[in-house]
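One structure below.
The values are calculated or read from the model by the stated rules, or taken from the named source; none is laboratory data. Given the structure is predicted, the values throughout are model-derived calculations rather than measurements. Cβ: placed from backbone, ideal geometry, glycine included. Neighbour counts: every protein chain shown.
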Amino acid sequence: MLKRHGLNILYCQSKISKIYKRFAMKNPNDMVQMDILGPFYLNNSGTKNYFISCLDDCSRKVTSRWSERKRSIDVLNVLEDWIMNNGKPKTVMHDNGKQFTSKSFKHFLLHNHIGDKRIPNFYPQMQGKIEAYNKIVRNEFLALEDILNIDDGKLRYDMFVKAYNDTREHGGINGHTPSEMFLQSLITSTIHTKTKQHGVTHVGSQKCNLSM
C-alpha cells in the first residue's frame, strides 16, 4: 500500500494467465482428443452413465460410446474402435483423469508408438474441439431424446454419432461433415506425400547408353 496525496492506494499483483492460441492439425490422425462426459442419469434411475469419446483434431470426426463405467479399459476400448475404423493416431491428447494416466493406458500408447499429450490442469480450453462436441451431445441428444432405458439410449446414441459424422455440416471445417473432411484431408495428405517422394532424385538412378 502506498500513500499518495493523502489517499491509500492498493496495488494488486496478479498472475498473468497463459494464452492458448487456437490450433488445428493439418492431417487426419495427427492428433486425437479424448474425454469423458458424465455422469448423467436416466429418469427414475440412479445408475451412472458416461460418454467416452475420441475426436480427430483435424476433421472433428468422432468415435464415441455410451458406457456405464469409466475405467481405463473402457477408454482403451473406444481408442481401439477409432484405430480399427480410422487408423492409428500419432498422438492422443487428454486431461489428467486417472483413466488416462493409468499404467495400462500409458503402456498401450507406448507399445503402439502413440504420443501421449496431457493438457495442464484447469485448462480444458486446450481440448476445445471435444468440449464443443460434448456440448452438442448435452444440448442435442441428452436434452431432446426421450430415452426409455440404457439399451434404447445406446442404440439412439450410436445413430446420433453416425449422423454427426456423416450428415452434420460443421462451420469449423468449411461446412463439410466430419467424415467428408477426414476423407478429403487424408487424400490430400497422401497426394502431398507421394509428390514429395517422387520429387527426390536419387544418385545413380539414371542409366546412360554410350555408343563407342
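Provide a single number: the residues in the range 92-128 that are surrounded by 16 or more Cβ atoms within 10 Å (Cβ to Cβ), touching a Leu at 6+ places or on another chain (Cβ under 9 Å) and in a strand (DSSP E or B).
Residues flagged as surrounded by 16 or more Cβ atoms within 10 Å (Cβ to Cβ), touching a Leu at 6+ places or on another chain (Cβ under 9 Å) and in a strand (DSSP E or B) within the range 92-128 amount to 1.
Please pick out the residue among 54, 58 that is in contact (Cβ under 8 Å) with a residue 24 or more places away in the chain, under 20 Å from residue 136 (Cβ atoms), in a loop (DSSP other than H, G, I, E, B) and under 11 Å from the mean Cα position of the chain (by Cα).
Matching residue, one of 54, 58: 58.
Of all the residues that make up the range 129-162, how many are at pLDDT below 90 and either in a helix (DSSP H, G or I) or crowded, with 17+ Cβ neighbours inside 10 Å (or both)?
Looking only at that region, the number is 0.
Looking only at the range 163-189, how many residues end up being among the β-branched types (Val, Ile, Thr), under 19 Å from the mean Cα position of the chain (by Cα) and part of a helix (DSSP H, G or I)?
Total satisfying the criteria: 1.
Looking at 88, 3, 21 in this structure, which one is surrounded by fewer than 12 Cβ atoms within 10 Å (Cβ to Cβ) and either at pLDDT 95 or above or part of a strand (DSSP E or B) (or both)?
Answer to the selection: 3.
Hey, does the range 62-77 have a residue that's crowded, with 16+ Cβ neighbours inside 10 Å, of a type in the set (A, V, I, L, M) and in a loop (DSSP other than H, G, I, E, B)?
No: zero hits.
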